[in-house]
Amino acid sequence: MAKEKLIIFDTTMRDGEQSPGASMTKEEKLRIARQLERMRVDAIEAGFPAASDGDFDAVRAVAKAIKDSTVCGLARANENDVRRCGEAVKHAASPRVHTFIATSPIHMEKKLRMEPSQVVEQAVKAVRWARHYTDNIEFSPEDAGRSDIDFLCRIIEAVIKAGATTVNIPDTVGYTLPEQFGALIRQLRERVPNSHKVIWSVHCHNDLGLAVANSLAAVLNGARQVECTINGLGERAGNAALEEIVMAVRTRQDVFSCDTNIDTAQIVPASRLVANITGFPVQPNKAIVGANAFAHEAGIHQDGVIKSRDTYEIMRAEDVGWGASKLVLGKHSGRNAFRQRLQDLGIVLESEETLNAAFKRFKDLADKKHEIFDEDLHALISQESIEHVENEHYELVSLLAHSETGEEPYARVVVTEDGAEKQAEARGSGPVDASFKAIESIVASGAELLLYSVNSITTGTDAQGEVTVRLAKGGRIVNGQGADTDIVVASAKAYINALNKLHSKLDRLNPQV
């Protein structure tokens with residue numbers, strides 16, 4: 001008997017982007033969208049078009065570029081949002097408008113300040129506005145997990161009559177438990193008279209660490225779309241992780257009566273790309289995509305795996321993309337080989353000029369690092385995209401850092417500000433601290449350092465270090481990234497990158513603002 005299809009709806013570029021500092025440029029969204037298409041994701045939520053002109057342009061660009069996946073935009077249940085969203089996605093091969101309004105008593109009273117009847121009326125209007133652009137309309141009752149089920153039945157029945165084709169039930173604040181959430185989906189499907197006319201979807205947050213469990217409970221109770229993100233990225237504790245949803249369903253086909261169309265070998269490449277672009281590294285013990293996900297340290301485990309892999313492994317590492325990364329390039333590789341490998345990785349450069357600049361970076365890296373891996377290329381292209389897009393206000397020219405046992409470390413940096421060179425020296429508790437202080441003495445940003453994180457891109461002592469720096473100023477939070485075989489240089493690059501994002505206030509506004 002043929003399995004039913006479970007639709008995978010990726011919201012990395014919309015809900016995932018709401019993580020502090022994770023907002024993306026149009027070019028970065030296009031790179032992620034192409035990888036999601038390669039992975040055969042069914043629907044891609046590309047952004048919140050009404051949030052800013054930059055997000056509108058990014059959603060429209062993704063809509064025009066993607067041919068094999070549905071491209072969706074999010075809109076609040078008001079006419080401006082819906083029409084803005086419709087305009088952004090209308091050129092997609094398969095467009096969708098996703099509109100929402102809060103339905104929990106606390107949200108209706110405290111946030112919307114609307115009566116329940118007004119909320120229903122507004123939801124119906126939003127669906128009707130959306131129908132001017134597409135027949136593929138999704139409706140979400142925000143904070144459904146804390147909403148009255150009788151009211152949920154009422155509003156859902158009304159939006160289905162108005163033309164909604166997907167009804168998404170969000171656990172917006174990650175409040176529900178798996179048994180409770182599964183029962184909610186089952187009861188809604190049973191009680192809403194026209195429930196058979198729509199696809200039932202879920203969107204779970206991870207505040208209690210239950211997003212994946214709640215999503216799977218919903219699938220077992222009839223949901224046939226799951227909204228999720230790569231690496232579980234998202235605001236607060238994040239969203240349900242796409243890779244965990246897909247592999248749980250794929251691995252436990254004895255339990256699930258449905259399956260996805262996902263090309264699972266593309267999961268690890270997608271995870272690395274998103275981590276690289278957003279500056280949110282994956283923890284080593286993260287399921288499926290963490291560096292230790294298929295590592296065995298205990299002797300009894302190693303012995304079992306050697307004798308028979310399935311003693312301790314319920315999935316094959318290669319099935320999700322581990323081991324697929326190839327050693328492809330070195331210092332003697334030419335431009336055509338470089339271009340071809342980028343194409344194989346789904347990286348499309350805008351112009352010959354951009355390719356030339358990226359190739360020069362590659363050659364510089366190859367002089368420092370004998371073996372160039374796919375992960376190095378992703379980091380290299382991200383850095384090139386950053387500098388090309390940002391039109392840097394600040395640029396690191398040179399850095400000298402000194403660290404010696406028993407002596408206070410110091411650093412000397414040369415930075416350009418709008419093309420004018422400035423130099424400064426500073427001492428600190430370490431060479432990175434000294435470098436940051438020297439840079440700050442030049443730029444005087446007054447920004448607060450919220451996070452400093454170092455991650456090795458590949459193995460070996462010659463590996464590039466990838467640094468993430470999170471800065472906050474005036475209510476804005478940005479992530480800066482830098483990569484280099486010298487970790488102090490990578491740190492300075494990341495700090496400068498974050499400063500440039502703070503300086504450039506276009507396209508980087510959080511969609512929730």
Output for region 423-447, where each listed residue is in a strand (DSSP E or B) and surrounded by 16 or more Cβ atoms within 10 Å (Cβ to Cβ): 424, 426
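A quick yes/no check of all residues on (1) assigned by TED's automatic domain parsing to the domain that holds residue 106; (2) buried (at least 18 other Cβ atoms within 10 Å of the Cβ); (3) not acidic (Asp, Glu):
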{"position": "118", "(1), (2), (3)": "yes, no, yes"}
{"position": "139", "(1), (2), (3)": "yes, yes, yes"}
{"position": "150", "(1), (2), (3)": "yes, no, no"}
{"position": "176", "(1), (2), (3)": "yes, yes, yes"}
{"position": "198", "(1), (2), (3)": "yes, yes, yes"}
{"position": "221", "(1), (2), (3)": "yes, yes, yes"}
Taking only region 225-246 into account, find how many residues are buried (at least 24 other Cβ atoms within 10 Å of the Cβ) and in a loop (DSSP other than H, G, I, E, B). 3
Can you work out which of the residues in region 345-378 that are assigned to a loop (DSSP other than H, G, I, E, B) and of a type in the set (A, V, I, L, M) is farthest from residue 29 (Cα to Cα)? 345
With criteria (1) surrounded by fewer than 21 Cβ atoms within 10 Å (Cβ to Cβ); (2) within 23 Å of residue 189 (Cβ to Cβ), residue 104 comes up short on (1)
Select from region 472-493 the residues that are in contact (Cβ under 8 Å) with a residue 60 or more places away in the chain and either closer than 23 Å to residue 401 by Cα or assigned to a loop (DSSP other than H, G, I, E, B) (or both) and list them in ascending order. 480, 481, 482, 483, 485, 488, 489, 492, 493
Regarding residue 504, is this residue closer than 19 Å to residue 17 by Cα and of a type in the set (S, T, N, Q)? yes
Answer yes if at least one residue in region 484-499 is among the acidic types (Asp, Glu), more than 22 Å from residue 277 (Cα to Cα) and assigned by TED's automatic domain parsing to the domain that holds residue 361, and no otherwise. no
Mind listing whichever residues of region 364-377 are in contact with a Ser or Thr (Cβ under 9 Å, 6 or more places away or on another chain) and either in the same structural domain as residue 321 (by TED's automatic domain parsing) or loosely packed, with under 14 Cβ neighbours inside 10 Å (or both)? 368
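Could you tell me which residue of region 406-422 is surrounded by the fewest Cβ atoms within 10 Å (Cβ to Cβ), considering only residues that are closer than 17 Å to residue 488 by Cα and more than 36 Å from the chain's Cα centre (by Cα)?
First, the residues of region 406-422 that are closer than 17 Å to residue 488 by Cα: 408-415.
The next check asks that each one be more than 36 Å from the chain's Cα centre (by Cα); those that pass are 408-410.
Numbers: 408: 12, 409: 19, 410: 19.
That would be 408.
Take residue 382 and decide whether it is surrounded by 15 or more Cβ atoms within 10 Å (Cβ to Cβ), polar (S, T, N, Q), modelled with pLDDT of 95 or more and on the phi < 0 side of the Ramachandran plot.
Working: surrounded by 15 or more Cβ atoms within 10 Å (Cβ to Cβ): yes; polar (S, T, N, Q): yes; modelled with pLDDT of 95 or more: no; on the phi < 0 side of the Ramachandran plot: yes.
It is false that residue 382 is surrounded by 15 or more Cβ atoms within 10 Å (Cβ to Cβ), polar (S, T, N, Q), modelled with pLDDT of 95 or more and on the phi < 0 side of the Ramachandran plot.
The values are calculated or read from the model by the stated rules, or taken from the named source; none is laboratory data. Given the structure is predicted, the values throughout are model-derived calculations rather than measurements. Positions of Cβ are generated from backbone atoms using ideal geometry, with glycine treated the same way; all protein chains shown enter the neighbour counts.
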